[in-house]
Amino acid sequence: MAENSAIPFGSREVLATIVGGGLAYLLTTHMPYAGSVVACAAIVVLLGGASRRSVHPALWWGGIGAVAGSIIGTGTTLDTLVVTAGREGLAAVRHLVVVTLAVAGFLAGIFAGKNVDHPDVPRPVEFLKRASAATVVLYALVVTASYPAHGLDAVRALSSRLSTLTTVVVTTLAVPGWIGFRIRAHWEASARARREPRGP
């Protein structure tokens, strides 16, 4: 298997990550919860289909930022829903979130598994490392920005809820995504084996 090449990460890529994360966060926090979940799912699927990073690395990093922004934005939207509507009677919402994001993660994994041996196709572990780092940074910024206006006790409660919801969103995306990736990688390997000429 070909080894993946290094990912360019200069000032242009940093700016793209910030812009992608900021726009996705603003989008998902200004939508109803259902729209926020669907937007997060769509961003993840689109990035899974955009497998090449060498042609436009800034766009790839912008997508990483967008995934992080949509995850934190969706978590923030769901947190607001829990606070305003209460924890009771939200079973349908929880099922919608889990099913929608699980399907999105699976499809993204299927797309990412295409041409898995190409050096410009990021591996799942690599993608998760970059997206996780961006998500942690954005999470810290959101919690810190809430402190001056709301105080320590409110921020502590927000941090706890947002951390839990972010964990749910990330896990619901990542586990089916890994399954989809492995399935597609197996299909690709089987297809290559069938195309290779057999010996006498």
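Data for the structure
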| read-out | value |
| --- | --- |
| Only one of ALA2, ALA34, ALA6 that is outside any loop (DSSP other than H, G, I, E, B) and either at pLDDT below 75 or of a type in the set (A, V, I, L, M, F, W, C) (or both) | ALA34 |
| Residue tally, condition under 14 Å from ALA58 (Cβ atoms) and free of Cβ contacts under 8 Å to residues at least 12 places away in the same chain, over segment 8-30 | 2 |
| Total residues in segment 54-101, condition at pLDDT 85 or above, of a type in the set (Val, Ile, Thr) and farther than 14 Å from LEU165 by Cα | 4 |
| Evaluation of ALA104 against (1) on the phi < 0 side of the Ramachandran plot; (2) modelled with pLDDT under 90 (one fails), failing number | (2) |
| Among the residues listed as VAL155, VAL175, VAL170, VAL137, the single one being within 16 Å of VAL83 (Cα to Cα) and either aliphatic (A, V, I, L, M) or in a helix (DSSP H, G or I) (or both) | VAL155 |
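For every residue, the table says whether it meets (1) within 17 Å of GLY73 (Cα to Cα); (2) surrounded by 19 or more Cβ atoms within 10 Å (Cβ to Cβ).
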| site | (1), (2) |
| --- | --- |
| PHE127 | no, yes |
| LEU138 | yes, yes |
| SER146 | yes, no |
| SER163 | yes, no |
| VAL168 | yes, no |
| ILE179 | no, no |
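The values are calculated or read from the model by the stated rules, or taken from the named source; none is laboratory data. What you see is a predicted model; the values in this text were computed from it and never measured. Virtual Cβ from ideal backbone geometry, glycine too; neighbours counted across all protein chains shown.
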